Structures are given as structure tokens and as C-alpha cells.
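Trainee: This is the structure, below, for whatever I ask next.
The values are calculated or read from the model by the stated rules, or taken from the named source; none is laboratory data. All values reported here derive from a predicted model rather than from experimental measurement. Using ideal geometry, Cβ is built from the backbone for each residue, glycine included, and neighbour counts are taken over all protein chains shown. Note: areas computed on protein heavy atoms with side chains; ligands, DNA, RNA excluded. Shrake-Rupley method; radii C 1.70, N 1.55, O 1.52, S 1.80 Å.
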Amino acid sequence: MLNPVDSPVPGRLTGVLFIDGAFRAGSGAALPVVNPATGQEVGTIPATQPDELNDAVAAARRAFKTWSRLNARKRADALHRLGDAIAADADAMARIMTAEQGKPVNEARGEILKLADACHFYAEEATRVHGEVVPNDQNGYQSLVLREPIGVVGAITPWNYPAELVGWKLCASLAAGCTIVIKPAELTPFTALAIAEKTLAAGIPAGVVNVVTGKGSQVGQALVEHPDVDKIAFTGSSAVGLHIQQSCTQVKRLSLELGGNCPMIVTQSADLALAVKGAARRGFRNAGQICIAVNRIYVARSLYEDFVRELGAAADKLTVADGLQTPDADLGAMASGEPLGKTQDHIADALAKGARLVAGGRAPEGEAYAAGFFFRPTVVADCTHDMKVMTEETFGPLIGVMPFDTLEEAIALANDTPYGLASYLYARDMVDIQTVSAGLDYGNVAINNVDAGIMNAPYGGRKQSGIGYEHGREGLLEYFNFKHVRLFH
Ligand code: TAP
């Protein structure tokens, strides 16, 4: 059997499809997958052909018949085994992720272990799915509200969190009794294939999980339009999410986790050092390629210059390196030339409109960086809302900062965006905390910390940041239909 992880050629990964419990070579053109730190090809993946996609969906449909009826304890046991298999191989999986995505190995390993945790979380939730008996409206009648798995899920995921964003959909689908066909990002297919390999190790039956590779505009679009796919679970840009919503050729369930342009407000009562630490962590982790990255910060004027100076110093201290060679680097290479180019464009735009460069603004110097997509963490201050950094998602290691005078002004600036994913507040005064958290029009508000998404609370956006939730019970409910059964005795 072909295996995506152990290639016969050292240092290369074998690109395959995973359909009906087996890896297969795929008959379509070979698409290159490149290490963004070196520019070297790490392997190729097949462009899935229409008959191969049909095979994957048909396998998922067949498997649904038995998987959806399997008792919840057995589905939970399988998810626990999957979590164990993933955790046991976290080092190797992390190196695969770094080779295709660029984030440092230690950070990649942390993501793999969080995916293992998600498997265990949803294993437990699988055993607690129950319906309701609702109050009678007439004597002699009883109404039951049942939850039934939706069916075959098509999952389409981006490249910034290649394990978690695949895994959340996979775990919730399997816990609910759905089966799944996954189309990972073209840049990062090998992490998804490594997860598929672990489903074999965990004894998850053939057809329950399938992975098809290739371009979003072709394979992803075909999955969206496939008549036998009951739900699309999508994470990616707002533009592609809207396109998917508009291009469904029949009514189907959709959950869309889309872009962000996340604000942080630092009020006069904030702990300055804590706020700087949080901003640097959430602004620059994964080289800023996070939907909930701190993109823009509004600071009370009395703290403004101190905050700008300290954030610049924190950014300057961060290390940038090839994530395979330096596993504990703060930032690795960016995933491709596209987010790098957008970051540079947002910096140039801000500086042309009068912003002040406080840190970064350039690639690191030296031969080691010459072939990769590296960029120093960058802070620009004195920003205004005619700059792209304050009004668009950068998706790179760039933070824009501007001062504010009143809380009302800060809230209005924070909400001045089409997005509504995550927001952050640093304050110690309870009035500041209540006023700002009530005023922020976001799905997630983190106060005096930057952990906007945790596994047992719903995670999702408003406005152009999406519809639906991942994580928590709410995330699991996305994979069920409700059925009202009315009984007369
Ligand atoms: P997109 O370009 O939107 O791509 C996401 C996925 O959609 C990829 O697998 C892509 O395939 C596929 N795709 C592209 N066109 C398609 C089409 N017409 N039909 C079906 N699928 C299609 O996003 P990206 O650049 O990979 O990721 C960055 C974006 O994701 C950012 O905006 C970020 O905020 C967002 N994001 C949001 C969240 C949450 S939880 N809200 C989390 C992470 C990222 P290809 O790779 O082949 O293009």
C-alpha cells in the first residue's frame, strides 16, 4: 500500500488519495508541494479526477449506513484510539507539517497534540448526545426531539492550521455519526494524509474518512456541487466562503469559518506588560497567519507611546528561522509568497499614508533566508482607518497601532470592519471590561488573555467571518438534523 508518510525516496512524501480505507495513487496530474523555507519540492499530490471524487463520496455514503447506527460508545472508543495514535506520532507528524507549511516544529507539534485532545473531547461528547422530550400541548400526546447525523460531510480546509482545521471537522463528524470527504489545502495536503493514516491505525472502518487532494477551484468546487454531499464544512477566506454559498447547486447545510481582522483594545487601566506580551503572541504566532491574529491595536493615549515602544522591542526579540532546522524558533517561513506579498503591501500602504515603522518591515538578512518566504515581525504605529492594516485582514506578521481618547471611540473603531471573528481587551477596571466587552460585535472576546478559542466553548464568527460554530457542544450540533417525533398514546 502506498503510504503518504514513508516515501521510498528519503526526504520526500508520497502524494496519494485516501478512499474507502486505502491509499491509492490517483490518475490526475501531479501537483508540487513546496517547503516554503527552502523552495524545495517535498513531494507531489494527485489532482483528484471526477471519478475518484465520486468513489470517495460513494464510499462515505456506504459507510454512513453502518457508522451512523454504530453505538455511541464504539464511535467514542474509535475517536479515543485516533487521539492516542496521533499523539504517539506527534514528532513525525509535526515534521511533515513544518516541511509543507513552514511553522517551527515545536509549534507544529503543539498543534498535533491539540488535535489529539480534540479527538478525546469529541469522543466524550459522542456519548452525551441526547434528544429532548418537550412539554405536551394536548393530553395524550408526546413530542420527542431527536438528533440524527446529517450524512456525508465535505470538509474544505486552509493551509494555516493543517491539522486542527481538518481535525475539528473530522472529530465532530465522526462523533455525530457522519462520514467525511476532506479536501485539504493544496499547499498542505500531507498533514491531512498523515491524519488519514492514523484513522487506519485507530481501526476506523473503511469509507468513514476519505481524503481527496487537488486545487480548490476544481476538486473543492466539485465537492461543493456534488449531489450526494449533505453538508459542506468550510474554513478559509470570506471571498471563497461567499463563493461557495452562492455556488451550491442544491440546498445543503453549510458551516463557514471565514476571515478575521481582529482588534485589541488596551485601556488606561490595563496591565501594560501583560498587554504587550499578549499582543506579540497573538500577532506573530504562526507568522501572523491566524484567522484570530491581533491585526490592529487601539491604545489609550496615556499608555500609547510606552505600549508602542514595548511592543516594538518585543517584536525585535523574536527569532525567525527555518522551522525544521530550528524547532524552537518564534517564527518560521510564511506558507507561500501570497501572504508575504500581502504583508509587504499592507506595510507599504501604511507607511505611504503616514504610519511610523517601529519594528521589522523587512526580511531577515543572510544566506539561510534567501530561498524562503521569511519576514521579520513588524509593528507600525500612528495608524489611521484609511490604511489597509486597520481595515483588511493581513494574514502575516504585521500589527498596526493607533491611540484613542474615549472607550466609545475605541469600540467604534474596533467594530469598523466587515469581520466579526475574535477581539481582545486588556483592562483591569470593571467598568472598562463591561463597557467594551458588551460593545464588541464579535463571536469571541478574550479579556486579559489571547486564548479566544478553547475546545469546550463555541468558536465562530459574525458578519463576513462566517456562519456556524466549531468546538463545544454547539460545534457538534452543526453535524445533526433535528427530527420531531409526535406520539399519540
Ligand atoms: P482560501 O483561499 O479561501 O482556501 C481555503 C480552502 O478552500 C482551500 O482548500 C482551497 O483550495 C479551497 N478553495 C478555493 N477555491 C475553492 C472553490 N471555488 N470551491 C471550493 N473550495 C475552494 O483560504 P486560505 O488562503 O487557504 O486560508 C486563509 C483564510 O482562511 C484567511 O482568510 C483566514 O482568516 C481564514 N481562516 C479562517 C479560520 C476560522 S476558524 N474562521 C481559520 C483559519 C483560516 P486551494 O488550497 O487549492 O486553493
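Trainee: Straight distance only, please: which lysines reach the Cα of LYS231 with their own Cα at less than 29 Å, same-chain residues fewer than 8 apart left out?
Mentor: Cα-Cα hits under 29 Å: LYS65, LYS74, LYS114, LYS169, LYS183, LYS198, LYS215, LYS252, LYS463, LYS483.
Trainee: For the range 140-283, calculate the relative contact order in percent as a whole number, restricting contacts to Cα pairs under 8 Å that are 6 or more residues apart.
Mentor: Relative contact order comes out at 23 percent.
Trainee: Quick one: check the C-alpha center-to-center distance for the range 270-333 versus the range 17-90, whole angstrom.
Mentor: 35
Trainee: Separate question: Please sort 128-136, 349-357, 293-301, 90-98 by packing, taking for each peptide the average over its residues of neighbouring beta carbons within 10 angstrom, highest first.
Mentor: 293-301, 90-98, 349-357, 128-136
Trainee: For the range 11-128, what's the relative contact order in percent, using C-alpha pairs closer than 8 Å and at least 6 residues apart?
Mentor: Contact order relative to length: 24 percent.
Trainee: Computed over the Cα atoms of the chain, what is the convex hull's projected area averaged over all directions, in nm²?
Mentor: 24.2
Trainee: So, one more: Taking only Cα atoms, what is the 0 to 90° angle, nearest 10, from helix 72-88's long axis to the longest principal axis of the chain?
Mentor: 50
Trainee: If you fit an axis through the alpha-carbon atoms of helix 105-126 and take the longest principal axis of the Cα set of the chain, what angle between them do you get, 0 to 90°, nearest 10?
Mentor: Between the helix axis and the principal axis of the chain, the angle is about 40 degrees.
Trainee: Something else: Compute the angle between helix 189-201 and the longest alpha-carbon principal axis of the chain, please, reported from 0 to 90 degrees and rounded to the nearest 10.
Mentor: 40
Trainee: Could you please state how large a percent of the accessible area of the chain is carbon and sulfur, counting protein chains only and using a 1.4 Å probe?
Mentor: Exposed carbon and sulfur together represent 53 percent of the surface.
Trainee: Per residue, how much accessible area does the range 322-447 have with a 1.4 Å probe, in Å²?
Mentor: Normalised by residue count, the accessible surface of the range 322-447 is 39 Å².
Trainee: Label-point separation (nm) for GLU365 and ARG309, each offset 7 Å from Cα along Cα-to-Cβ?
Mentor: Going by the 7 Å Cα→Cβ label model, 2.6 nm.
Trainee: In terms of the Cα gyration tensor, with a ≥ b ≥ c the square roots of its eigenvalues, is the range 41-94 rounded because a/c is under 1.5, prolate because a/b exceeds b/c, or oblate?
Mentor: The shape class here is oblate.
Trainee: Simple spin-label model, 7 Å along Cα-to-Cβ: ALA30 to ASP316 in nm?
Mentor: 4.8
Trainee: In addition: Give the lysines reachable from LYS353 as a straight Cα distance under 20 Å; neighbours fewer than 8 places away on the same chain don't count.
Mentor: LYS342, LYS388
Trainee: Let me have the relative contact order for the chain, percent, based on Cα pairs under 8 Å that are six or more residues apart.
Mentor: 17
Trainee: Under a crude label model (7 Å from the Cα following the beta-carbon direction), how far is CYS248 from GLU132 in nanometres?
Mentor: In this crude spin-label approximation the distance works out to 2.3 nm.
Trainee: Now for a separate question. Say the dipole of the chain comes from +1 at the beta carbon of Lys and Arg and -1 at that of Asp and Glu; which of ALA348, PRO184, ALA293 then lies farthest toward its positive end?
Mentor: PRO184
Trainee: Please work out the average accessible area per residue across the range 209-270, using the 1.4 Å probe convention, and give it in Å².
Mentor: 34
Trainee: Place a label point 7 angstrom from the Cα of ALA239 along the Cα-to-Cβ direction, then list the residues of the range 330-344 whose backbone nitrogen is under 18 Å away.
Mentor: Label zone hits: 335-344.
Trainee: Please list the radius of gyration and Dmax for the range 234-286, considering alpha-carbon atoms only, with Å as the unit.
Mentor: Considering the range 234-286 through its Cα atoms, Rg and Dmax are 17.7, 52 Å.
Trainee: Quote to one decimal, in nm, the extra length available between LYS65 and ASP328 on full extension: 0.36 nm per residue of separation minus the C-alpha distance between them.
Mentor: Taking LYS65 through ASP328 to full extension adds about 90.1 nm, to one decimal.
Trainee: With a 10 Å radius around each residue's Cβ, average the other Cβ atoms per peptide and rank 371-381, 144-154, highest first.
Mentor: 371-381, 144-154
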